[in-house]
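Derivation of every value follows stated rules applied to the coordinates shown; laboratory data play no part. All figures in this text were calculated on a predicted structure; none of them were measured in a lab. Note: ideal-geometry Cβ built from the backbone for every residue, glycine included; neighbour counts use all protein chains shown.
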Amino acid sequence: MSNLWIISDIVETAYEMLAKARELVSDSGGSVTAFLNGSEAQAQEAISYGADLVKLMQIPEKTPWEEYVPVLVQEAQGQKPDIILVGATRRGKDLAAQLAAHLDCPCVTECKTIQYGGTKALLKRMVYGGLAEKTVECNEFPLIATVAGRTFSKWEVNDTARQGIVSTLALPDKLKVKVVERRPKPKETVNIKDAPLVVGVGRGFSEASDVKLAEELAQAMGGEVGCSRPIAEDLHWLPEDRYIGISGQVIKPEVYLAAGISGQVQHVYGIRDAKTIVVVDKNENAPIFQVADYYIVGDLKEVLPALTKAAQEAKGS
Ligand SMILES: Cc1cc2nc3c(=O)[nH]c(=O)nc-3n(C[C@H](O)[C@H](O)[C@H](O)COP(=O)(O)OP(=O)(O)OC[C@H]3O[C@@H](n4cnc5c(N)ncnc54)[C@H](O)[C@@H]3O)c2cc1C
């Protein structure tokens with residue numbers, strides 16, 4: 001009988017991990033507990049997505065989320081979960097590391113796949129910026145594994161007939177850290193992770209004003225504009241939350257169209273799960289062609305307006 005936990009401050013990631021957790025306990029008939037930063041309604045939804053027990057651990061106003069760690073440690077010592085999947089968000093990563101230290105247990109980060117046979121777990125994760133895949137065998141439990149959003153898919157149809165128990169986790173009496181102020185970062189209204197099509201702007205754009213070529217194409221095709229890191233961090237032509245890659249956003253759109261991006265491994269890490277990759281680059285030896293499904297060798301200043309025109313005509317027809 002196995003006992004799996006999932007912990008996430010983002011509910012969508014929790015629902016995705018629940019599908020995987022259910023699969024992992026399917027042979028043993030074990031139970032799945034979800035620790036969720038969510039509402040009562042979301043707790044019920046988590047049950048219909050596969051949780052047996054939901055423990056709400058909402059982010060308190062003046063306290064960091066990781067302050068729940070001592071409570072989670074106590075719960076883990078009592079319930080003895082075999083595997084704890086933690087959403088690899090900023091808060092989740094901190095929490096997973098602290099939990100692993102307190103429980104003195106293994107912690108495998110950013111897992112792509114997990115197999116569990118009751119006595120041993122096999123986990124795959126990317127290494128060297130996505131150049132290689134590493135398989136980790138784990139024989140010690142509990143095992144903590146962090147999982148990035150969209151690694152697994154939530155159940156296509158949630159099972160509203162499922163029954164479960166919802167409770168609320170209390171913070172420890174003594175808190176170590178107090179949040180003095182929370183100030184929202186000025187944020188873009190778009191989330192490029194949700195866009196079905198992303199046009200990527202790279203250093204091949206010689207001037208800031210040329211970015212409009214990508215914006216026009218994205219608009220004509222119902223998508224958003226993303227970019228390589230130098231465009232956001234060095235040149236500041238686009239906001240930082242638009243850059244894609246190992247240290248930026250990891251996107252999984254239907255179509256990623258890269259223009260003037262050479263395809264360094266740090267960038268490709270963020271696009272490798274796009275369904276279709278289209279590339280425009282004037283250098284026929286650009287490394288990005290290796291991951292392209294379709295490519296055009298040419299000057300982006302000519303190719304992008306032609307694609308925009310074709311998209312507009314297709315829309316109009
Ligand atoms: C620790 C670390 C983390 C990093 N993380 C990231 C990350 O998350 N994301 C990221 O993107 N980068 C990241 N980088 C940077 C990365 O290594 C590359 O430097 C960067 O991705 C290159 O950006 P680029 O492809 O836009 O530019 P370049 O490599 O300069 O490529 C420009 C491309 O444009 C083409 N080109 C030029 N003119 C035209 C034209 N007129 N028409 C068509 N094509 C043209 C060129 O042939 C070339 O292929 C990281 C680097 C480090 C060290």
Q: Treat the count of other C-beta atoms within 10 Å as a stand-in for reagent exposure and order F35, F152, F289 from fewest to most.
A: F289, F152, F35
Q: Using only the alpha carbon atoms of the range 206-246, find the Kirkwood hydrodynamic radius as the inverse mean reciprocal pair distance, in angstroms to one decimal.
A: 10.5 Å
Q) For T119, T89, what ranking results if the residue with the fewest other Cβ atoms within 10 Å of its Cβ goes first? A) T119, T89
Q. How much length is gained if the chain between R183 and M126 is pulled fully straight, taking 0.36 nm per residue apart and subtracting their Cα-Cα distance, in nm to one decimal?
A. 17.2 nm
Q: Have a look at D273, D82, D104 and tell me which one the Gaussian network model of the chain (Cα, springs below 10 Å) gives the largest fluctuation.
A: D104
Q. Taking only the alpha carbons of the chain, what extent do you get along each of the three principal axes, in Å, biggest first?
A. 65, 44, 39
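Please arrange W237, W5, W155, W65 by counting, for each residue, the other beta carbons lying within 10 Å of its beta carbon, fewest first.
W155, W237, W65, W5
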**Q.** Among R22, R150, R183, residue whose mean-square fluctuation peaks in a GNM of the chain (springs only between Cα atoms under 10 Å)
**A.** R183
Q | Greater than 30 Å apart at Cα, pairs in K80/K193; K275/K309; K20/K55; K62/K124 | A | K80/K193; K62/K124
Q) Say R0 is 25 Å: what FRET efficiency, to the nearest 0.05, do E133 and V297 get from their beta-carbon distance? A) 0.25
(Q) Relative contact order for the range 3-168: what percent, with Cα pairs under 8 Å and sequence separation of 6 or more? (A) 30 percent
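How high is the FRET efficiency from K275 to K309, r the C-beta distance, R0 30 Å, rounded to 0.05?
On the way: r = 24 Å, r/R0 = 0.81.
Using R0 = 30 Å, I get an efficiency of 0.80.
What does the C-alpha gyration tensor say about the overall shape of the range 51-133? Classify as rounded when a/c is under 1.5, otherwise prolate if a/b is larger than b/c, or oblate. Present the calculation step by step, with values, prior to reporting the outcome.
On the way: a/c = 2.06, a/b = 1.37, b/c = 1.50.
Oblate.
When a/c is below 1.5 the answer is rounded, else prolate if a/b is larger than b/c, else oblate, so apply that to the range 1-109 with a ≥ b ≥ c taken from the square roots of the Cα gyration tensor eigenvalues.
Working: a/c = 1.66, a/b = 1.13, b/c = 1.46.
The shape class here is oblate.
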**Q.** N283 paired with V71, simple spin-label distance in nm, labels 7 Å along Cα-to-beta-carbon
**A.** 5.3 nm
(Q) Just want to confirm a number: the relative contact order over the range 192-316, from Cα pairs under 8 angstrom separated by 6+ residues, in percent. (A) 25 percent
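Only helical DSSP H runs with n ≥ 4 go in: add -39500 (n - 2.57) per run for the chain, normalise by residue count and round the 222 nm mean residue ellipticity to 500 deg cm²/dmol.
On the way: 7 runs with 80 residues, N = 317.
Per the formula, -7500 deg cm²/dmol.
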Q) Under the Karplus relation 6.51 cos²θ - 1.76 cosθ + 1.60, θ = phi - 60°, what is the ordered set of whole-Hz ³J(HN,Hα) values for the range 129-138, x standing for Gly and Pro? A) x, x, 6, 9, 10, 10, 9, 10, 9, 10
Q. If you build a Gaussian network model of the chain, linking Cα atoms that sit under 10 Å apart, which residue out of K301, K174, K62 swings the most?
A. K174
Q) Could you give the longest part of the chain that holds none of the GluC sites (Glu not before Pro) found in DSSP loops with at most 11 neighbouring Cβ atoms within 10 Å? A) 62-139
